[in-house]
Amino acid sequence: MTGSKVDPRVVKTRSSLRKALVYLMKHEKLENISVQKITETANITRGTFYLHYKDKRDFIKSAMNEILDDLFAQIMVERQISTSGNSVQVLSLNEAFQCIENSAEVFDVLLNNERNDFFYAQLYDRLCQELTKYAKQLDSEFDDFDVPVKMQVSFLASAVLGVIKSWLQDGMIYTPRYMTQSMMKMLQQFSGEGMLLISFFDGKVKSALEI
């Protein structure tokens, strides 16, 4: 039995409201952004807004979760563990850089705007969750391992997100392909130093992409 489809009008409305929120966040602190400002910017009535959300807080929480869900749906891919043959979800760095480049204005506002920096914490938490989930799937691989999993998770999430923030701040002067290759070179420096979770990051690049 297939799940029910979401009404395209609902998708369009929510998308318009998210875009309006991001636009306003570029210029104002979140606490100064009212429902009226959001609906006027999105060209949507307040009545329509309240058909979808209880209040501004509910909308912001939903909007940020939707952005995260959309991002991770595109950047998580299945790979097999060589030792067991089991499939696991890993993060494609190439897809991540490509998705962020495609929505650069949105992610630059969400990650590099001093007025509103809460999205970084949400993205960091989500990445840590995925890394921790991956670690649990590799549980047998961690026997006699000398670097605590929690420390690996914190280090890798901070490193990868720090590079992404810097890439955006610098105007994305490098292509997603180049960023993927460079990121993998840096991560591989730790692959032989007791950092098993490095394998969570997939460095495969689509052959169609050019530097």
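The values are calculated or read from the model by the stated rules, or taken from the named source; none is laboratory data. Everything numeric in this text was worked out from a predicted model, so none of it was measured. Please note: Cβ atoms are built from the backbone with ideal geometry, for glycine as well, and neighbour counts cover all protein chains shown. Only protein heavy atoms, including side chains, enter the accessible area calculation; ligands, DNA and RNA are left aside. Shrake-Rupley method; radii C 1.70, N 1.55, O 1.52, S 1.80 Å.
The table below gives the values:
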item	result
Region 94-130, subset without any contact (Cβ under 8 Å) to a residue 40 or more places away in the chain, among the charged types (D, E, K, R) and not in a helix (DSSP H, G or I), residue nearest to V153 (Cα to Cα)	D117
The listed residue being at pLDDT 95 or above, surrounded by fewer than 18 Cβ atoms within 10 Å (Cβ to Cβ) and either in a helix (DSSP H, G or I) or aliphatic (A, V, I, L, M) (or both), out of L17, L91, L68	L68
Which listed residue, of E31, E78, E114, is at pLDDT below 95, within 30 Å of D202 (Cβ to Cβ) and exposed (fewer than 14 other Cβ atoms within 10 Å of the Cβ)	E78
Qualifying positions in region 167-195 - open to solvent by less than 50 Å² (accessible area, probe 1.4 Å) and in a helix (DSSP H, G or I)	W167, L168, P176, M179, T180, S182, M183, M184, L187
Among residues of region 142-153, those that are closer than 24 Å to Q98 by Cα and either part of a loop (DSSP other than H, G, I, E, B) or at pLDDT 95 or above (or both), counted	0
